[in-house]
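K.L.:
A single structure is presented below for examination.
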Ligand SMILES: [Zn+2]
């Protein structure tokens, strides 16, 4: 399957699993010196091939103003690692827990064997510092949560990126339900 078709399918899964809002989130795949990335303001659940751009990895967003506003983060992560897939999502239960914890640690079976722990970093306004913070966490983790904002995955496969995002949100729901059940909320 070509890269654009793969991104379209991934966007649909993220939307159907309520891991993004109508116009939030972005997806990219690196192929050599080029990156396929969703355009800004697109609806991930309803992507068409024209919603995905192919951009030289060294390009600045000023040359491609219609691509995702998170391009600087995607490009910086690719230029500093060997990984090839990035998904940025806004999963609501994960975002809720990120407001209160420094890390999200799975208590359910699937979470324990998939992501296990997802670190939470500050939503820094300084984009270079935000990139540095993400790179620091991606040395040991494949999914990172930005406090009050959303998740980034950095992987080599789109399937793994979706699974990590979905699994973390499931574990976050379990953590919240468990806290309610135990009257900790
Ligand atoms: Zn976002």
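K.L.:
Return the only residue of 42, 38 being touching a helix residue (DSSP H, G or I) at 6+ places or on another chain (Cβ under 7 Å), assigned to a loop (DSSP other than H, G, I, E, B) and free of Cβ contacts under 8 Å to residues at least 60 places away in the same chain.
P.N.:
Numbers: 38 fails: assigned to a loop (DSSP other than H, G, I, E, B).
Going through 42, 38 in turn, the sole match is 42.
K.L.:
Among (1) without any contact (Cβ under 8 Å) to a residue 24 or more places away in the chain; (2) under 17 Å from residue 29 (Cβ atoms), which single condition is residue 47 missing?
P.N.:
Unmet condition: (1).
K.L.:
Considering only region 144-160, how many residues are touching a residue at least 40 places away in the same chain (Cβ under 8 Å), away from the ligand (no atom under 15 Å from the Cβ) and outside any strand (DSSP E or B)?
P.N.:
Of the residues in region 144-160, 4 are touching a residue at least 40 places away in the same chain (Cβ under 8 Å), away from the ligand (no atom under 15 Å from the Cβ) and outside any strand (DSSP E or B).
K.L.:
Given (1) in a strand (DSSP E or B); (2) within 15 Å of the chain's Cα centre (by Cα), where does residue 54 come up short, assuming only one miss?
P.N.:
For residue 54, the failing item is (2).
K.L.:
Could you please find all residues in region 1-26 being within 16 Å of the ligand (Cβ to nearest atom), out of contact with any helix residue (DSSP H, G or I) (no Cβ under 8 Å at 6 or more places or on another chain) and not in a loop (DSSP other than H, G, I, E, B)?
P.N.:
None; the set is empty.
K.L.:
Restricting to region 11-33, name every residue that is farther than 20 Å from residue 149 by Cβ and either modelled with pLDDT under 95 or surrounded by 15 or more Cβ atoms within 10 Å (Cβ to Cβ) (or both).
P.N.:
Initially, region 11-33 is screened for residues farther than 20 Å from residue 149 by Cβ, giving 12-13, 16, 29-33.
If the condition is that a residue be farther than 20 Å from residue 149 by Cβ and either modelled with pLDDT under 95 or surrounded by 15 or more Cβ atoms within 10 Å (Cβ to Cβ) (or both), then 13, 29, 30 are the ones that fit.
The values are calculated or read from the model by the stated rules, or taken from the named source; none is laboratory data. Model, not experiment: these values are computed from the prediction. Glycine gets a Cβ as well: all are built from the backbone with ideal geometry, and neighbour counts include every protein chain shown.
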